[in-house]
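Rule-based calculations on the coordinates, nothing more; no lab input. The shown structure was predicted, so the numbers you read here are calculated from the model rather than taken from an experiment. Don't worry about glycine lacking a Cβ; one is built from the backbone with ideal geometry, like all the others, and counts go over all protein chains shown.
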Amino acid sequence: MYTYHMKVVVLIADIIESREIEDRSRFQDDLGRCLNFINTRAHTLLSPYTVTLGDEFQAVYATGAEVLDHIIYIQTELFPVKFRFSVSFGEITTKINRKQAIGMDGPVFHEAREGITRLKKTKYSVIGLSGLAEDELEIVNSGLGLASAVMAGWKAETLHIFHALYQGLKVSDILPHYDLSQRGMYKLINRNRLWEFTRFFESVREELKKLQE
């Protein structure tokens with residue numbers, strides 16, 4: 001029997017309070033479309049987003065370049081449903097399953113699973129990382145925890161505008177999609193500190209891009 005050793009990025013997501021979702025059938029359809037959208041457009045996926053249990057889904061990436069983009073996309077598209085996202089960087093010891101993110105194993109999966117367990121205390125969408133250097137890990141996870149706690153109080157409109165800014169769109173590009181004056185848009189952005197949140201998540205994205213590249 002051959003043993004494979006390869007560095008990868010694993011994401012495991014847990015749907016928070018999934019039993020309280022009013023129309024579970026519709027949500028499952030929306031989740032499927034959302035994950036399929038990512039699967040068909042991602043450049044760094046080794047194993048596609050796959051629903052593994054009733055309340056969980058996972059994927060395997062070659063690098064961390066797109067992970068945060070996809071997490072924020074999922075949160076935005078499926079709002080107000082909340083998720084826990086555990087992202088781990090480490091070694092896989094089995095072959096990559098290119099069709100579904102199942103049937104694989106290794107320390108990276110164990111760490112991602114432990115990450116989900118640690119995040120179980122939260123009742124709002126949150127992101128946790130593992131596999132980084134200890135000093136860096138503490139700083140990044142503390143920042144993500146604080147950001148997630150604040151974002152838990154956002155309305156759908158605020159989250160969508162943040163996502164647009166994070167994607168690099170200008171206010172002039174965003175404004176036509178909302179029933180807001182230019183002044184009203186800037187007031188919303190400044191009141192919720194969306195520029196600061198955008199810069200923070202851009203910084204985290206840059207750090208993740210360095211992994212496995």
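For the chain, the longest principal axis of the alpha carbon atoms and the long axis of helix 24-41 meet at an angle near 80°. Our coupling estimate for segment 182-195, obtained by passing each phi through the Karplus curve with A = 6.51, B = -1.76, C = 1.60 and θ = phi - 60°, is 4, 5, x, 5, 5, 5, 4, 4, 6, 4, 9, 6, 5, 5 Hz, Gly and Pro reported as x.
Applying 1/(1 + (r/R0)^6) with r as the Cβ-Cβ distance of residue 43 and residue 150 and R0 = 22 angstrom yields a FRET efficiency of 0.10. Shape call for segment 6-151 from the C-alpha gyration tensor, a ≥ b ≥ c root eigenvalues: rounded (a/c under 1.5), prolate (a/b greater than b/c) or oblate? Oblate, because a/c is 1.5 or more while a/b does not exceed b/c. Computed from Cα atoms, the angle from the helix 134-151 axis to the main principal axis of the chain rounds to 40 degrees. In this structure the amide hydrogen of residue 83, modeled in the peptide plane, comes within under 5 Å of the amide hydrogens of 16, 125, 126, none closer than 5 places in sequence on its chain.
Could you tell me how far the Cα centroid of segment 1-74 sits from the Cα centroid of segment 85-109, in Å? Cα centres, segment 85-109 to segment 1-74: 12 Å. Averaging the Cα positions of each part gives two centres, and for segment 176-213 and segment 122-150 these lie 18 Å apart.
Computed about the Cα centre, the dipole magnitude for segment 55-213 is approximately 580 debye when only Lys and Arg (+1) and Asp and Glu (-1) carry charge, each at its Cβ. Among 90-102, 57-69, 38-50, sorting by the average number of other beta carbon atoms lying within 10 angstrom of each residue, highest first, gives 57-69, 38-50, 90-102. Please determine, in degrees from 0 to 90 and to the nearest 10, the orientation of helix 156-166 with respect to the longest principal axis defined by the Cα atoms of the chain, where the helix direction is its Cα long axis. That helix lies at roughly 70 degrees to the long axis. Listed here are the pairs 7/209; 82/121; 7/95; which of them are more than 19 Å apart at the Cα? Violating the 19 Å Cα-Cα cut-off are zero pairs.
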